[in-house]
Ligand SMILES: Cc1cc2nc3c(=O)[nH]c(=O)nc-3n(C[C@H](O)[C@H](O)[C@H](O)COP(=O)(O)O)c2cc1C
């Protein structure tokens, strides 16, 4: 039997977004799909400072083929001035061929972010991260208010996606943040599995 792969691709410099990715991936697996966790290399103003081909630690770098082959996608980035970080945007800007061929059309997709302050632009980051996915014809999956966690959380996690507030640069998620990240992964995988059955 061919397993359903959900690609979880993120950029993280200090570990908070990576921590969210781990919980998203667990949610994917809880739904019965396979989580393929990937990261993206940093970008530098000095393009001679190229990233190594293999990251020193953590998951491998995502490829365009990873995207082409996934049944669903969840992307994560730190909030950078209210927007996604350049490395993830740079990766997405290499997907024109997939856009031309419609390879991602009708695949479910979600978004997650981490910021240092609660009102430092998480929502604008999540909303703008979803836009390229919509351009690709993906089906944007959020977290509905049927999840009681959206009412109890005092830090990250909302209807647009999973998130973490890393007060004092602490990458450890609150229980509610972890639950929302898990739920996001589970929902994206669940919808991908249901679409695959139709
Ligand atoms: C260039 C830059 C811009 C940032 N902009 C914001 C911001 O707009 N709002 C905010 O709350 N935090 C901002 N931060 C803090 C990061 O979003 C936050 O520390 C995040 O949790 C880091 O994620 P990571 O641990 O996955 O790298 C910024 C950090 C950097 C380096």
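Of the residues that sit in the range 171-198 and are touching a residue at least 24 places away in the same chain (Cβ under 8 Å) and outside any helix (DSSP H, G or I), which one is nearest to the ligand (Cβ to nearest atom)? Residue satisfying both the conditions and the ranking: 171.
The set of residues from the range 92-123 being closer than 21 Å to residue 188 by Cα and not in a strand (DSSP E or B) comprises 92, 95, 98, 99, 102, 103, 104, 105, 106, 107, 122, 123.
Restricting attention to the range 141-169, the residues that are within 13 Å of the ligand (Cβ to nearest atom), modelled with pLDDT of 95 or more and surrounded by fewer than 18 Cβ atoms within 10 Å (Cβ to Cβ) add up to 1. Of all residues in the range 15-45, those satisfying the criterion of being within 12 Å of the ligand (Cβ to nearest atom), more than 24 Å from residue 95 (Cβ to Cβ) and either part of a helix (DSSP H, G or I) or in contact with a helix residue (DSSP H, G or I) (Cβ under 6 Å, 6 or more places away or on another chain) (or both) are 16, 19, 22. Consider the range 59-90 and keep the residues that are assigned to a helix (DSSP H, G or I) and touching a strand residue (DSSP E or B) at 6+ places or on another chain (Cβ under 7 Å). The one that is nearest to the ligand (Cβ to nearest atom) is 88.
The values are calculated or read from the model by the stated rules, or taken from the named source; none is laboratory data. Just so we're clear, the structure is a prediction, and the values are computed from it rather than from any experiment. Positions of Cβ are backbone-derived with ideal geometry, glycine not excepted, and every protein chain shown enters the neighbour counts.
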